[in-house]
Amino acid sequence: MVKPSRSYRVFQGVNGVVLTLVVLVTLYPFVNIIARSFSGERQIRAGEVALWPQGFNLTTYKIVFEDAMFWRNYGNTVLYTVVATAVAMVLTTCYAYVLSKRHLKGRTALVGIAVFTMFFTGGLIPNYVLITSLGLKNSVWAIALPNAISVFNLLVMKAFFESLPTELEEAAQIDGLSTYGVLLRIVLPLSKAVVATMVLFYSVSFWNSWFSAFLYMDKSELMPVTVYLRNLISGATTGGNAGAADAQLSQVGANIQAVTIVLTSLPILCVYPFVQRYFVSGVMLGAVKG
Amino acid sequence: MKNAGQLSRRQVLAAAGFIGLATLTGCGSGDDGEDSKDLSKKQNGAMKEYRVGQQFKATKPLSFSVLHNNNPVYPMKNDWLFWQELTKRTGVTFKPVAVPLVDYEKKRSVLIGSGDAPYLIPKTYHPSEVAFVSSGAILPVSDYVHLMPNFRDKVKRWKLEPEIDSIRQSDGKFYLLPGLHERVRIGYSLALRTDVLDRLGLSRPTSWDEVYQVFKAIKAEYPDRYPFSDRWSKNTPYPAAALFSYLGMAYGVRAGWTYNTIDWDANARKFVFTGATDAYRQMIEFVRKLVAEKLVDPESFTQTDEEAAQKLLGEKSFAISANPQVLVQEYRYNLQKQIKGAEIEMVPVPLGPAGPVVLGGARLENGVMVSSDALKSDSFVAMMQFVDWLWYSDEGQRFARWGVEGVTYTRSGGRYQPKPGISLMGSDPDASKDMQKNYGFYNGVFAYGGSWELVSSMFSPDEKTFQDAMSRRKELPIGPAHPLQSFEQEQASLWETPLRDHVTQNTLQFALGKRPLSEWDAYVSELKAKNMERFVDLHNKAYERYEKENR
């Protein structure tokens with residue numbers, strides 16, 4: 001085995017140091033947020049919290065956890081994310097696969113229609129009227145359907161499918177597979193990377209979204225947790241109304257934001273490491289061809 | 001083949017155009033064109049005779065949709081006693097559309113804009129209803145107040161006509177049913193460390209001159225500290241917004257939180273520019289004197305509320321602006337924990353050149369808009385009677401605030417008390433139930449305004465003393481109605497923003513001594529260069545026009 005040269009080892013050393021610094025800088029806000037979420041009000045206001053909780057305090061977590069509505073809304077978020085991601089994946093995959101076929105007639109028009117929506121929208125009120133008239137209000141479909149196809153994701157997927165060798169599909173067809181068979185048995189198994197990436201993109205965006213739920217849901221039982229926490233933050237920081245200003249609520253006001261961020265990003269953070277290996281190759285794959 | 005592709009694209013565009021057109025024309029045909037003044041067909045469930053002092057009860061079960069501003073402090077629950085008891089008493093069931101408090105305005109706009117609004121849209125602050133007037137989506141409620149005996153009775157008895165006039169639009173109608181107060185409730189004043197005053201042999205200041213003397217005496221005792229360090233400078237459009245509002249009151253001008261670009265000069269019977277009046281200059285001069293003699297912390301105008309409160313708690317300052325809640329819950333509670341024998345009190349707003357006055361016009365509160373769709377309903381009359389009962393009758397207001405006598409509260413004479421085991425705004429920290437959270441009473445959507453007896457029934461002892469003193473003062477007259485037409489409104493807002501910014505910036509510069517007061521005339525000329533006179537003219541012309549057309 002060839003011994004690495006001196007300059008290479010120096011490079012590795014420097015590289016290691018620089019990257020460690022970058023990691024620290026990136027991680028610091030996260031750690032700080034977690035520390036704040038467990039700290040006492042006085043210490044937070046005095047700016048004493050850095051990497052470790054000061055004046056350990058769980059009041060805000062307790063208040064949030066004790067509220068049945070929080071769990072209800074959290075469940076809604078999970079439901080909306082799962083359903084909307086599933087719908088989005090099916091539709092986006094089908095659309096992208098079709099668009100990747102160069103022999104398809106009217107392909108440019110189909111691409112054009114999709115890209116058109118990237119630049120122009122009907123606006124808030126027409127969209128609202130549409131969803132209401134379709135009877136989708138107060139159902140998961142109001143969240144899943146209007147956002148089902150993200151044009152950016154669509155184009156990435158299309159580029160990926162185009163990069164697959166056509167010979168493979170031709171061979172499958174000669175062996176007797178139908179179009180759907182080709183898609184389900186040949187193309188999709190070869191596209192795990194891009195599918196995983198898209199699932200991640202979609203689920204993160206649905207997990208974090210609050211606006212369409214806020215718009216199309218009329219009952220607090222139907223709201224996702226993002227709307228719940230958004231409302232809680234505002235109530236705590238503006239003092240809400242006079243009755244709110246007791247000691248408990250001023251603690252809540254001090255670190256509700258930190259608690260919120262921890263609670264909402266935790267699930268996504270847990271999923272991330274498992275999807276990440278697909279994620280890296282997935283983004284690269286579309287890029288070369290596109 | 002290429003040609004065919006282009007053709008199809010054009011066809012797609014044409015098709016899209018047709019669909020768009022069809023939708024547009026479809027929207028226009030919604031009006032049924034019936035005479036909206038004829039209410040004889042809309043009597044479903046209404047009472048034949050409905051008068052002041054009478055309990056409203058629908059003759060058959062009705063339900064009305066209502067937009068509900070969902071407060072995170074007391075999130076809406078379907079099992080609130082409020083809903084049940086309301087249905088029991090009136091025969092009306094509310095169908096609430098719950099909207100999170102933070103984004104209430106946004107959703108309200110979408111709902112009204114899309115024609116999907118509930119019949120009743122409460123928690124609307126004037127002038128936000130103005131934006132919806134031209135669309136015709138909300139009802140000119142002034143046309144229907146004859147259905148509302150309690151509303152008319154209170155406006156008449158409490159002489160609220162001028163206030164009501166001030167929310168009329170250029171068509172002479174008003175589109176919002178505002179909350180009505182019998183008396184002005186002043187929220188803010190100066191709080192002082194009374195134990196320090198007592199130790200130094202000083203009495204509670206009643207005028208701003210005395211405040212100045214008290215501050216000087218404190219400064220003599222503690223030369224290295226500031227007697228006064230203020231808050232409410234962050235997240236407000238004006239620095240030291242509370243201080244300027246109650247100091248301005250003593251000079252008879254609207255400043256700080258109450259700042260209004262134009263103000264009514266009752267003697268000259270015309271509108272004048274607030275930031276250029278002599279009284280405004282005198283007010284600034286007073287603050288400048290305090291700053292120059294180091295009696296007020298110059299950071300008062302920039303620091304956060306927490307910083308100001310920390311200085312008070314750390315005895316780096318001895319006076320601060322207050323309202324009755326923060327006085328008790330933030331200052332007194334924390335001071336007594338940290339400093340033995342510390343006492344703090346809020347004094348009635350100290351008097352100034354304007355004498356014992358309070359600013360007028362604060363007797364209207366947020367209110368209810370009614371969707372135009374409601375007029376198409378056959379139970380429209382019953383709905384207006386119901387709105388009148390719940391929001392404007394003594395009984396309805398008492399119910400919305402206090403709930404059910406014997407269940408949530410007890411009353412003897414004018415004294416109200418929550419039942420044992422029920423806490424009202426933190427009155428009993430150990431109680432297992434909360435008036436707002438568990439029962440749905442004293443909900444900001446339904447409970448506001450009312451007679452002084454009812455409003456003051458919820459005062460803490462501190463606030464009661466304060467309000468009693470304030471209520472003996474005379475109310476300054478408010479400006480008459482001067483509604484702008486929509487194109488004038490646009491022009492006015494274009495002028496107003498730079499004017500207001502210039503006033504705010506210079507108020508601070510003059511007060512802090514960064515700009516000498518000898519430059520006051522130059523400052524007024526700068527305002528003129530920013531269209532001050534045209535702005536004031538616009539309002540005066542609107543006033544004259546309205547007088548001519550409606551008197």
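Shape call for the stretch B:373-491 from the C-alpha gyration tensor, a ≥ b ≥ c root eigenvalues: rounded (a/c under 1.5), prolate (a/b greater than b/c) or oblate?
Numbers: a/c = 2.28, a/b = 1.35, b/c = 1.68.
In terms of gyration-tensor shape, oblate.
Return the subset of B:Lys419/B:Lys464; A:Lys219/B:Lys433; B:Lys77/B:Lys159 for which the Cα-Cα distance in this structure is over 32 Å, preserving the input order. Violating the 32 Å limit, Cα to Cα: B:Lys77/B:Lys159. A cut-off of 5 Å between modelled amide H atoms, ignoring neighbours fewer than 5 places along the same chain, links B:Lys433 with B:Ser423. For B:Lys107, the aspartates and glutamates whose Cα comes closer than 19 Å to its Cα, not counting residues fewer than 8 places off in the same chain, are A:Asp218, A:Glu221, B:Asp116, B:Glu129, B:Asp373. With a Förster radius of 35 Å applied to the C-beta separation of A:Leu177 and A:Leu134, the computed FRET efficiency comes to 0.45.
For B:Arg254, the amide hydrogen comes within under 5 Å of the amide hydrogens of B:Asn260, counting only partners 5 or more places away or on other chains and with H modelled in the peptide plane. Report note on the peptides B:371-378, B:526-533, A:22-29: ranked by the mean count of other C-beta atoms within 10 Å, highest first, their order is B:371-378, B:526-533, A:22-29.
With respect to chain B, whose longest principal axis is taken over its alpha-carbon atoms, helix B:104-113 is tilted by about 30°.
Lysine pair count for the stretch A:81-209 (Cα-Cα distance under 26 Å; residues 8 or more apart in sequence or on different chains): 4. Here's how it looks for B:Phe318: its modeled amide H is under 5 Å from those of B:Phe228, B:Ser229, which are all 5 or more places away or on a different chain. Once C-alpha pairs closer than 8 Å and six or more residues apart are averaged by separation and normalised to the residue number of chain A, the relative contact order reads 29 percent.
Label sites at B:Asn235 and B:Asp501, each approximated as a point 7 angstrom past Cα along Cα to Cβ, lie 2.4 nm apart. For chain B, the relative contact order is 22 percent, taking Cα pairs closer than 8 Å that sit 6 or more residues apart in sequence and dividing their mean separation by the residue count. Label reach from B:Ser493 (point 7 Å along Cα→C-beta): in the stretch A:108-129, amide nitrogens under 19 Å belong to A:124-125. A straight line joining the Cα centroids of the stretch A:96-160 and the stretch B:52-96 runs 42 Å.
Placing pseudo-labels 7 Å out from each Cα toward the beta carbon at B:Val145 and A:Val18 gives an inter-label distance of 7.3 nm. Look at the Cα gyration tensor of chain A: its axes a ≥ b ≥ c give a/c of at least 1.5 with a/b at or below b/c, and that counts as oblate. For B:Lys219, the lysines whose Cα comes closer than 30 Å to its Cα, not counting residues fewer than 8 places off in the same chain, are B:Lys234, B:Lys289, B:Lys294, B:Lys311, B:Lys316, B:Lys337, B:Lys340, B:Lys514.
Rounded, prolate or oblate, given the Cα gyration tensor of the stretch B:452-549, with a/c below 1.5 counting as rounded? Since a/c reaches 1.5 but b/c is at least a/b, the shape of the stretch B:452-549 is classed as oblate. Length gained on full extension, A:Trp52 to A:Phe11, computed as 0.36 nm times the residue gap minus the Cα-Cα distance: 11.4 nm. Given +1 at the Cβ of Lys and Arg, -1 at the Cβ of Asp and Glu and no other charges, the dipole of the stretch B:180-232 around its Cα centre is 120 debye to the nearest 20.
Seen against the Cα atoms of chain B and their longest principal axis, helix B:2-28 is set at about 80 degrees.
Across the stretch B:236-291, the mean sequence separation of Cα contacts (distance under 8 Å, 6 or more residues apart), normalised by length, yields a relative contact order of 27 percent. On the beta carbon distance between A:Lys3 and A:Phe120, with R0 = 45 Å, the FRET formula returns roughly 0.15. The HN-Hα couplings worked out from phi for the stretch A:223-230 by the Karplus form 6.51 cos²θ - 1.76 cosθ + 1.60 (θ = phi - 60°) are 6, x, 5, 4, 5, 4, 5, 4 Hz, whole numbers, x standing for Gly and Pro. Calculated translational diffusion coefficient of the stretch A:129-245 (4 °C, 1.567 mPa s; Stokes-Einstein with Kirkwood radius over alpha-carbon pairs) equals 73 µm²/s. As a proxy for reagent exposure, A:His103, B:His502 were ordered by neighbouring Cβ count within 10 angstrom, fewest first; the result is A:His103, B:His502. At B:Ser134 and B:Gln282, where each label point lies 7 Å from the Cα along Cα→Cβ, what is the point-to-point distance in nanometres? Reported label-point gap for B:Ser134 and B:Gln282 is 4.2 nm. Rounded to the nearest 0.05, what FRET efficiency is calculated for A:Arg185 and A:Val83 with R0 set to 35 Å and r the Cβ-Cβ distance? The value I calculate is 0.85.
Just so you know, all these numbers are worked out from the coordinates, no wet-lab data involved. Since the model is a prediction, treat every value here as computed from it, not as a measurement. Please note: Cβ atoms are built from the backbone with ideal geometry, for glycine as well, and neighbour counts cover all protein chains shown.
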